[in-house]
Amino acid sequence: MKLKIGFKVEKRKNVSPAAQIMSLMIALLLSALATGLLMVIGKANVAEGFIAIYKGAFGTWKASIESLVKATPLILTGLATVIAFRARIWNIGQEGQLYIGAITAYWAYTQFTDLPPAALLTTTILFALIGGAVCGFMPAFIKAKFAVDEIITTIMLNYIVIYFLSWLLSGPWKDPSHYYQQSPTILEKAQFPILMVHTRLHLGFILAIVAALILYLLISKTPLGYEIQAMGFNPTASRFQGINVVKTMLIVMMISGAVSGLAGAGELFGVILRLKSNISLGYGYTGIIIAMLAGLEPLAVIPVAILFGGLINGSFLLQTTTNIPSALVYVIQAIVLLFFLGARAASVYRLRITKSD
Amino acid sequence: MIDNSSIVIETKNLTKRFQNVVANDCVSIDFHRGEIHSLLGENGAGKTTLAECLFGFYQPDSGEIYHKGKRVTLSSPRDAIKLGIGMVHQHFVLIRPFSVLENIAMSSLKKSVLLDLTATEQKMGFLCEQYGITLDLHAKVWQLSVGEQQWVEILKAVYYGVDLLILDEPTASLTPQEANQLFSVLGQMKKQGLSVIFITHKLKEVMDISDRVSVLRKGKLIDTVMTSEVTKEDLARKMVGRDVVFQIKKDRSTIGEPILKATNLRTQNDRGLDALRGASFTLHKSEILGIAGIAGNGQRELFEVLTGIRRLKGGEIQFNGKSIINNSPEEIKNLGIAHIPDDRISEGLIMDFSVADNLILGRQRDKDYRKGPFLDRKKIIDSAADLIRIFNIVSPSPLNRTRFLSGGNLQKVILARELNRDPKCLVANQPTRGLDVGVIEYIHGRLLELRKLGVGILLISEDLDELFSLSDRIAVVYRGEIVETFNTPDASLEEVGLCMAGTGGVSI
């Protein structure tokens, strides 16, 4: 009798944490390999390249703090994605909601400039939240009323908002003393307080951490969070069992929009200090990747966003020390996401050795 | 008589484990050509696992499978289909947005890029006619009733021209008439030399249809016998391991005052066609009102309008004298109308939630389960532990994921959740569909208990035996109308059956 040995891929009933961590490590390793390959193609020294990315990201105390600055909007857009995706609402409009937050906050700033600093700060933040919430509400309302897919409407709104801002900056809000499409500089009294001297780390970072804690509590500890998860897992059963899924969807989209709006205010009043049409470097979209990598867990968004903030800064140093364009960072982000999703899908299966004759 | 040369498929000492659970323990069975062979056993006895091994979906951990005397390794359903083995699963594997024809043409094995819908339609039309099945081939699958979807699954397998057909609980969603039709179709197929493995836990069906029956209990093969040589009681004892009471003892209760009054209900189904066309009935306290009817006559829509999930186009529903037609599902539940949907997995439960979370589904905002703005986890888990104990739900802990529970336990979770709200009225749509004897016995007992406590129960069922043994009155629904209402002791199965077919009494 001849014994044949074969392999068989089987689905696991339970995925152990060890398997999950293992798959994550493999994903990171493969991402590094793929990134290295890209550097080779770009005719750069791979070791130098990685060292540059690391140094730029967390190499010095200052670089690390700057990575936190970059992470601030990413934490918020990541959180905005988490809450929407947990309810299986595919909000891709974080970018537009971020800009709307900046726009409404700037409007509030121009209207209430005379308020004392603390009151002005509160007002601008409040308006950023409201602006984002309204921007999130619109596609949700259209979905509820006319069953229009939110993926389409949220993406389209991104463009509408960005061109609207472009119009504002070429006319009503333009700084007359400058050629560029940008507003005058924000008065110091309205700027977000800096947390550490000689750095750009601002109040927004604290707000982002607080937002993560609030969303964590909201999703896993409150009745609304229960409803959000129920709706995400099974909207039909949720409806049958008395959850108002339309109302829940509207609330979720408003929260999601508000959180992105806060990111916009943070960039405007904490970092850029002028309203411009490029205050976001695609933070809305990167937030989606971050949320996925964080497994849609609000608290896990924080470390992943910090890692990505570092990656963005690291790629800037990469560009100056090697000849590789910093745009590589977007490729790296995509590579990490793809390998991670692949590894997570694979960790559900196991390889079994089969014997037969 | 059966001889060895006619064996189509055979297992020898087949063992299949899932982690620590032995689903099949050294099972040796043979299945013959032109035979209807029942696999009988309670849920979790290992019937489906055995069938899935024969269909190549699972691979046995040890033991052998022989196909026509040759040892085979079935590493996927594809291998099984190549050998002429077809299987209709308990949970349908149809693509819901596609039409019946598309579903059948798509899974056909012909290697062609384009779907030949015309040829499929011709052949399907012929098959339907041959077996006397009425089915709208152009309807989308999601628009079909569960019973109709079952036909699609069976026809799909027959369409391939299999010579061994495995049916997993095929009658779970059929009316008696539909089941009889299925039996006659299977009889015809048997005459043409087809073998059928018929998985069931219904003893009556085993006796009616099968040539031989194998009884499984806790993964072990208890016995394989000729059906003609045993009685129902023998089989029940082998299956459950103890004597089973078949007749439910129902004491006469005095029906109370009206609690739920539906007048002239009109609504449309998902296809936009009239599903309810003026249905009226009155349910009283301490009464079980059965709703009998062939699948797709408006039962589903009736259930949905009563629970607030579907809007009425006309008519009136009064609960304790107050109109509820504009109330949300949540408000209706809060008024004291509990419900059990027929599709427990997609409508009754969040399978990825823990058992404890499912036990409060719909009540997550109740003060009972809250501490300030937060959910009171401790209370939720404690109350879940109580309900798990009271309702005999088999779950390792309240935090166990609901997905890992068996069908009977899923239904008990729903029952526990609904009864925990002390309902005044219960609307149940096929509450025992697809469950095993033990659980059915349990649920029937609970329903009668509720009736004794004064609860009015609307029992929508396609199982006439169930309706006759539980209901005080049976209302027959036909094409969206209640065509006749019978007092159970005075009604005969034939009369009710005729009404269900639309040839009975006059509209009331």
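If Rh is defined by the Kirkwood formula over all Cα pairs and Rg also comes from Cα, what ratio Rg/Rh do you get for the protein assembly as shown?
Rounded to two decimals, Rg over Rh is 1.03.
Quick one, could you list the DSSP H helices from chain A stretching 20 Å or more along their long axis (Cα atoms) with average Kyte-Doolittle hydropathy of 0.5 or above?
A:17-41, A:61-86, A:117-146, A:150-170, A:203-221, A:245-266, A:298-321, A:328-346
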Any idea what Rg and Dmax come out to for region B:272-345 if you just take the C-alpha atoms, in Å?
12.4, 36
Note: probe point = Cα of A:LYS43 + 7 Å toward Cβ; backbone nitrogen < 13 Å; residues of region A:292-323 passing the test are A:323
Taking only DSSP H segments of four or more residues, each worth -39500 (n - 2.57), what value at 222 nm results for the protein assembly as shown once the sum is divided by all its residues, to the nearest 500 deg cm²/dmol?
-15000 deg cm²/dmol
Between A:PHE141 and A:LYS189, with labels modelled 7 Å along Cα→Cβ, what's the label distance in nm to one decimal, could you check?
3.5 nm
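Exceeding 22 Å between C-alpha atoms, which entries from my cross-link table qualify? They are B:LYS285/B:LYS333; B:LYS47/B:LYS232; B:LYS47/B:LYS204; A:LYS247/B:LYS379; B:LYS82/B:LYS156.
Working: B:LYS285/B:LYS333 17 Å; B:LYS47/B:LYS232 19 Å; B:LYS47/B:LYS204 17 Å; A:LYS247/B:LYS379 27 Å; B:LYS82/B:LYS156 15 Å.
Beyond 22 Å: A:LYS247/B:LYS379.
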Report the local net charge at B:LEU165: Lys and Arg +1, Asp and Glu -1, summed over other residues whose C-beta lies under 13 Å from its C-beta.
-1
Between A:MET22 and A:LEU281, what FRET efficiency comes out of the Förster formula 1/(1 + (r/R0)^6) with R0 = 35 Å and r the beta carbon distance, rounded to 0.05?
0.60
Just want to confirm a number: the relative contact order over chain A, from Cα pairs under 8 angstrom separated by 6+ residues, in percent.
39 percent
Out of the GluC sites (Glu not before Pro) in region B:137-197, which ones are loop residues according to DSSP with at most 14 other C-beta atoms within 10 Å?
none
At B:LYS70 and B:LYS379, where each label point lies 7 Å from the Cα along Cα→Cβ, what is the point-to-point distance in nanometres?
6.7 nm
Taking a point 7 angstrom from the Cα of B:ASP422 along the C-beta vector, which residues in region A:209-250 have backbone N less than 11 Å away?
none
Å³ per residue enclosed by the Cα convex hull of chain B:
162 Å³
Extended-chain gain in nm, criterion 0.36 nm per residue less alpha-carbon gap, B:GLU233 and B:GLN192
11.6 nm
Can you list residues from other chains, or at least 5 along the same chain, whose modelled amide H is less than 5 Å from the amide H of B:ILE36?
B:VAL196, B:ASP211, B:ARG212
Could you check the simple spin-label distance between B:LYS123 and A:VAL134, using points 7 Å along Cα→Cβ, in nm with one decimal?
6.1 nm
Where the eigenvalues come from the Cα gyration tensor of chain A, what are the semi-axes √(5λ) of the equivalent ellipsoid, largest first, in whole Å?
38, 29, 17
Return the percentage of antiparallel bridges among DSSP beta bridges fully within chain B, rounded to the nearest 5 %.
55 percent
For region B:4-240, what does the convex hull of the Cα positions come to per residue, in cubic angstrom?
127 Å³
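Since every read-out is calculated from the coordinates, none of them should be taken as a lab result. These numbers come from a predicted model, not from an experiment. Ideal geometry is used to build each Cβ from the backbone, glycine not excepted, and the neighbour counts take in all protein chains shown.
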